[in-house]
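First comes the structure, then the notes that go with it.
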Amino acid sequence: MDRPAVIVIGAGPAGIRAAARLVQAGLRPVLIEEGGREGGQIYRRQPANFTRPPAALYGADAGRATRLHGDFAALRAQIDWRPETLAWGVTEDGLMLLREGRAEALPWQAMILATGATERVMPVPGWTLPGVYGLGGAQIALKAQAALIGQRPVFLGTGPLLYLVAWQYAKAGADVQAVLDTSPWHLRLRAAPWLAARPGMLARGLRYTADLRRRGVRLAGGVTPLGIEGEGQVAALRWRDAAGREQRTECDAIGLGHGLRSETQLADLLQCDFAFDPVARQWLPVRDADGRSTRTGVYLAGDGALARGADAAEAAGQLAACAALRDLGHPVDELEMTTLRGRLRPMGRFRRGIETAFPWPARLAAGLPDETVICRCESITAGDIRASARALDAPEVNRAKAFIRAGMGRCQGRVCGLAAAEVLAAARGVPVEQVGRLRGAAPVKPLPAATEFAE
Amino acid sequence: MAGLFHRIGERERRPVRLVVDGTPLEALEGDTLLVAILTQRAALRLNEFDGGPRAGFCLMGACQDCRVWTEAGESLRACSTPVAEGMRILTREVAWTGQP
C-alpha cells in the first residue's frame, strides 16, 4: 500500500492551483473531479469536439481560463488525476470514492476541499415548471453545450451573475424579455466603498448593465416575484415592481438565482466546526486566514469555503496548499504566503460589497404562499414547513427534516436548504441562525444501486 | 412536441442516434442527454411526488432533478451523462433488472 495521499477535491480554479503548488514541492497529489474535465464551473470546458474559441466562451476571462487550462495540461502527468470520480463520504480512515460504478476508500493524510458552490435560490411559485433553470445552469447550457434555455428568457434574482448571464444570452442572440433584480438599486450606493476594492470588476459589471440597457432590455430593481405561469412549461412571470404595481412578462424560460451557496458537505462529514456568516447568511466551515479548518489535515479553498469568485479561488487554493505543505513539514517561504493573503484582502472587501448590493432576499420567504414548493425533490411546500414550525414545534431545520422530510430528498437540501431555513425562521419569528443548518450525511450524492464495493 | 432548448451553433458534429421512450431521437456527439432530449421535448421526467413534468434545474449535478433511466432500469443524471450511439432511455422509471 502506498503512503496515505494528499488529496485535492475539485478541479476548478482553487483545486488546480492547490495541486500545482503541491507538485512544486515534490508531491504527487490525488486530484478528484466529479466532472469529466477540469476548469470548474466558471472556466468549464466545452466537450473536446466543440470548436468555439476561448474568447467566445469566457469573454473577458478568456486569458485566465486559457492559462488555467494550459497549466493543468502541464500538471496532469505529475498528479494522480481522477476525473468522473465522486467523493461521496469520508472518515478518519479514508475518502470514499465512486468511479465507473466502483466504490473504494482512499487513505489520506491531508485533504484540500475545493468543492465550489451552487446556486442560492429563493423559490418562486411555479418554479418547478420546465424552463426554469438556475443562472449557473443557464450559463452552462450556453458555454458547455452551445444551447439556450429559451429564445425569450427572463432573468430573475440578484447578483453579478444575473447581469452577466443575461448579457451573454443577449449577445448569443436570445431576445431577453427582462432582467429583474430583487435588490433595490439604492443598495449599490451603500456597497460602493467595498465594490471599489476591485475597480476592474466593478467597471465590468457596469458595462454589462449599460450594454443590456442599450439593447433595449427591460431592467428593474427591487422587484417581488409573484409566480411563474404555464401549462407544462414556462409561459410568463408575474411580479411586482418597486412602486408596488403588478406586472406580467411573457417568456419561454427563466434563469433564476440569488448568488452562491458553498458546497460544504465533506467539511461537515469531517466534523469541521461551522459558524454563521452574517454577511452571506450561511453557515460556513471555520477556517484561518490560510484555509486551515478546525480539523487537523483538512484545508478549505475557493467558493466551497467562501464565495469570492474565481480570482480569489486561485489565490486561496495556492495558499491552502502552502499551509498544508508547511504543516506536513515542507519549507514554504513566508513571503509567498504574505503575498497571497494580500491578494485575497481586496477580494474579501469586494465580496462584502457584492453581498451588500445584491443580498439574499430572505424577506421574500415569509411572503411565499403556503402552496409554494420549496423542496423540489419531494414537493414539500412552504405550508408544510410552517406546519412543522407551529403545529409540530420544530425548533430547527434538522427537526423539521425529521418531521416532514424537507432537505431529505435526493439533493440533500442543496437546492432548498437555505430557503427552507428562512421559511422556518420566519414562521417561528426567530433569526435564521437560530434554526441551525442541515447536517450532511453520506453518501453526499446518490450512489447507483449497482455500485460495487471493493473488499 | 417542441423543445425547450435552442442550439446556437456547434451544429457540425457527428450525429448520434438514441431511442427515448421507444422513439428514435437524433442527437449530436458531445451533447449531454439533457440537451439532446430537451432540444426536442419539453420535459425529462415526472416528479415522483406531485406527478408534474420536470426538466432539470441546476445543470451541474447538484439538484438531481434530471434523472432519466436506461431500459435496464439504471438511473442516469441527464445533465452530466454524454450521449452515446444506441442509448435506450426512458423518461419514466421501470423496475431495475440489475443487468447493465
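Every number in this text was worked out from the coordinates using simple rules, so none of it is lab data. Predicted, not measured: the structure shown is a model, and the values here were computed from it. Cβ placement follows ideal geometry from the backbone for every residue including glycine, while neighbour counts extend to all protein chains displayed.
The table for this structure:
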{"quantity": "Per-selection Rg to Rh, the protein assembly as shown - Cα, Kirkwood hydrodynamic radius", "calculated": "0.94"}
{"quantity": "Shielding by partners, peptide A:200-207 (average Cβ within 10 angstrom, other chains)", "calculated": "0"}
{"quantity": "Karplus 3J(HN,Hα) series, Hz, for the stretch B:15-23 with 6.51 cos²θ - 1.76 cosθ + 1.60 (x for Gly, Pro)", "calculated": "x, 10, 9, 10, 10, 10, 6, x, 10"}
{"quantity": "Kirkwood hydrodynamic radius of the stretch A:38-155, Cα pairs, Å", "calculated": "17.4 Å"}
{"quantity": "Overall form of the stretch A:371-416 per C-alpha gyration tensor (a/c, 1.5; a/b vs b/c)", "calculated": "oblate"}
{"quantity": "Cα centroid separation, the stretch A:322-397 to the stretch A:73-144 (Å)", "calculated": "17 Å"}
{"quantity": "Cross-link partners of A:Lys401 among lysines (Cα-Cα below 18 Å; sequence separation of 8 or more within a chain)", "calculated": "A:Lys445"}
{"quantity": "Lys, Arg +1 and Asp, Glu -1 on Cβ, resulting dipole of chain A about Cα centre, debye, nearest 20", "calculated": "1420 debye"}
{"quantity": "Average other protein chain Cβ within 10 Å of Cβ, residues A:118-130", "calculated": "3"}
{"quantity": "Surrounding net charge for A:Val286, when Lys and Arg each add one and Asp and Glu each subtract one, Cβ distance under 11 Å", "calculated": "0"}
{"quantity": "Proximal lysines relative to A:Lys171, as straight alpha-carbon distance under 19 Å, when same-chain residues fewer than 8 apart are discounted", "calculated": "A:Lys143"}
{"quantity": "Helical segments meeting 24 Å axial Cα length and Kyte-Doolittle 0.0 threshold in chain A (DSSP H)", "calculated": "A:310-327"}
{"quantity": "Cβ-derived FRET efficiency at R0 35 Å, B:Glu71 paired with B:Arg13, nearest 0.05", "calculated": "0.90"}
{"quantity": "For chain A, with +1 on Lys and Arg beta carbons and -1 on Asp and Glu, the positive-most of A:Ala289, A:Thr451, A:Val397 along the dipole", "calculated": "A:Ala289"}
{"quantity": "Two-site label geometry, A:Asn398 and A:Ala74: point separation in nm, points 7 Å out along Cα→Cβ", "calculated": "4.6 nm"}
{"quantity": "Average beta carbon contacts from partner chains per residue of A:145-158, 10 Å cutoff", "calculated": "4"}
{"quantity": "For A:Tyr133, A:Tyr43, A:Tyr208, order by how many other beta-carbon atoms lie within 10 Å, fewest first", "calculated": "A:Tyr208, A:Tyr43, A:Tyr133"}
{"quantity": "Cα-centred dipole magnitude for the stretch B:2-100, charges only on beta-carbon of K, R (+1) and D, E (-1), debye, nearest 20", "calculated": "160 debye"}
{"quantity": "Whether the stretch B:1-80 is rounded, prolate or oblate, judged on the alpha carbon gyration tensor where a/c under 1.5 counts as rounded", "calculated": "prolate"}
{"quantity": "Theoretical ellipticity at 222 nm over chain A - DSSP helices of four or more residues, -39500 (n - 2.57) apiece, nearest 500", "calculated": "-11000 deg cm²/dmol"}
{"quantity": "Cut-off under 5 Å, modelled amide H: who pairs with B:Leu28 long-range", "calculated": "B:Val16"}
{"quantity": "Charge dipole of chain B about the Cα centre (unit charges at C-beta), most positive-ward option of B:Gln64, B:Leu46, B:Gly9", "calculated": "B:Gly9"}
{"quantity": "Interchain or long-range residues, amide H under 5 Å from B:Arg67's placed H", "calculated": "B:Ala78"}
{"quantity": "For the stretch A:177-224 versus the stretch B:19-64, the gap between their alpha-carbon centres in whole angstrom", "calculated": "33 Å"}
{"quantity": "Tensor-based shape of the stretch A:205-260 (alpha-carbon gyration tensor, a/c under 1.5 rounded, otherwise prolate or oblate)", "calculated": "prolate"}
